[in-house]
Amino acid sequence: MHEHFALATDAVYGVVLGDLDLVHDRSRALAALAPPPDLPAGWQSYLDAMKVAADNSAQSPTIVDAAAEVLTVGRTCANCHKTHRGPAPTLEEVRASTFGGQQAMDQHSYGAYLMWLGLFLPSEEVFDAGTDAVAHEGAIPQVDPSLLPLEKQVHELAAAARAARDDQERSGALADLLRACATCHERAGARIAR
């Protein structure tokens, strides 16, 4: 299942980067993965649903459409994890195993990643820590003044995502946030290293 997580996470990064080719590539690979040979009973329906969402993401005509489908992949994984007692690291364990930084964009990236993990695991605590990190009001250095409304929107979307109480709401809130990130990156002409 680690390969599933890696491919789904790369697809999320593709959404953030506004790189539809990356989203399509990783989503196709995810949909094509063979099930583990020792797949426990009861997991197949979740795997099938995840593959449908990945296939839909691979065929999405726009980043906006892809964002919703990629987050459906995460929500499907979360549902399986809840039902079958999947990974359940604490917030401290997640923080210890992920990246972070003091610069505002590092904080945005870190927060969005925590939100993704919080959806995927699922962990309300990890998701909320991500929303807090993204909602933090820190100006991004050298931002074009025309992008300040988008930066404000990102902070507001993250703060609003804190109110999400189930996987469906978290998925939608994160999709909205990632769309705003992709729009800002596109308008700024930012090419973010993968």
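Quick check on region 136-157. Is at least one of its residues under 13 Å from the mean Cα position of the chain (by Cα) and modelled with pLDDT of 90 or more?
No, region 136-157 contains no residue that is under 13 Å from the mean Cα position of the chain (by Cα) and modelled with pLDDT of 90 or more.
Just for helices (runs of 4 or more DSSP H) wholly inside region 2-63: which have at least 3 residues that are of a type in the set (D, E, K, R)?
So the answer is 20-32, 44-58.
When region 93-130 is examined, which residues are found to be assigned to a loop (DSSP other than H, G, I, E, B) and modelled with pLDDT of 60 or more?
LEU121, PRO122, SER123
Taking region 33-62 only, how many residues are at pLDDT below 90 and either touching a Cys at 6+ places or on another chain (Cβ under 7 Å) or surrounded by 17 or more Cβ atoms within 10 Å (Cβ to Cβ) (or both)?
The qualifying residues number 1.
Which of the residues that make up region 39-63 are within 21 Å of LEU174 (Cβ to Cβ), in contact (Cβ under 8 Å) with a residue 40 or more places away in the chain and either out of contact with any helix residue (DSSP H, G or I) (no Cβ under 6 Å at 6 or more places or on another chain) or of a type in the set (Phe, Trp, Tyr) (or both)?
THR62
Out of the residues in region 1-32 that are open to solvent by 30 Å² or more (accessible area, probe 1.4 Å) and among the aliphatic types (A, V, I, L, M), which is nearest to THR62 (Cα to Cα)?
LEU20
The values are calculated or read from the model by the stated rules, or taken from the named source; none is laboratory data. Keep in mind that what you see is a predicted model, and the values were worked out from it rather than measured. Every residue, glycine among them, receives a Cβ derived from its backbone with ideal geometry; neighbour counts consider all protein chains shown. Side chains included, ligands, DNA and RNA excluded: accessible areas come from the protein's heavy atoms. Shrake-Rupley method; radii C 1.70, N 1.55, O 1.52, S 1.80 Å.
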